[in-house]
Amino acid sequence: QVQLVESGGGLVQAGGSLRLSCAASGGTFSSYVMGWFRQAPGKEREFVAAIGFIGFSTSYTDSVKGRFTINRDNAKNTVYLQMNSLKPEDTAVYYCAATRGLAVKIPSRYEYWGQGTQVTVSS
């Protein structure tokens with residue numbers, strides 16, 4: 001059983017930056033592909049970014065490419081999402097998730113989820 005705890009959310013002005021962290025416990029962290037998803041009010045949960053087992057492979061949704069960076073520190077059992085040039089449309093609850101599979105953009109393929117952290121970007 002893997003437990004995931006996100007932190008780092010908050011309120012920021014458009015154009016600002018935030019760094020989200022997700023600390024994992026209870027499993028072998030390097031055995032999981034890690035993903036970040038977000039869900040805005042009234043919308044479905046959507047894929048944001050994912051990173052492979054040792055961090056060499058990454059994937060991003062088009063709307064965040066060039067602004068967000070995902071990385072991981074397997075020694076600290078932590079995955080990060082650096083978010084720059086934030087826009088009001090980035091406002092959502094951000095979730096980290098873990099999967100042993102390769103379908104990294106599909107929420108239902110992830111076995112473990114954190115509780116989420118709120119990111120609010122004001123215009």
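The values are calculated or read from the model by the stated rules, or taken from the named source; none is laboratory data. This is a predicted model, so every value here is computed, not measured. FYI the Cβ positions are ideal-geometry reconstructions off the backbone, even for glycines, and counts take in every protein chain you see. Accessible surface areas use protein heavy atoms only, side chains included; no ligands, DNA or RNA. Shrake-Rupley method; radii C 1.70, N 1.55, O 1.52, S 1.80 Å.
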Relative contact order in percent for region 22-123 (Cα pairs under 8 Å, 6+ apart) equals 30 percent
Hey, what's the chain come to in accessible area per residue, 1.4 Å probe, Å²?
50 Å²
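Taking GluC sites (Glu not before Pro) as exposed when DSSP calls them loop (any state but H, G, I, E, B) and at most 16 other Cβ atoms lie within 10 Å, what is the longest stretch of the chain free of them, the sites themselves excluded?
It runs 45-110.
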Along principal axes, largest first, the alpha-carbon spread of the chain in whole Å comes out as 40, 28, 23
Which one, Gly15, Gln3, Phe68, projects farthest toward the positive side of the charge dipole computed for the chain from Cβ point charges (K/R +1, D/E -1)?
Phe68
Computed label-point distance, nm, for sites Ser30 and Ser85 using a 7 Å Cα→Cβ extension
3.4 nm
Given charges of +1 on the Cβ of Lys and Arg and -1 on the Cβ of Asp and Glu, with all other atoms neutral, how large is the dipole of region 54-123 about its Cα centre, in debye to the nearest 20?
160 debye
Carbon + sulfur, % of accessible area of the chain - ligands and nucleic acids excluded, 1.4 Å
49 percent
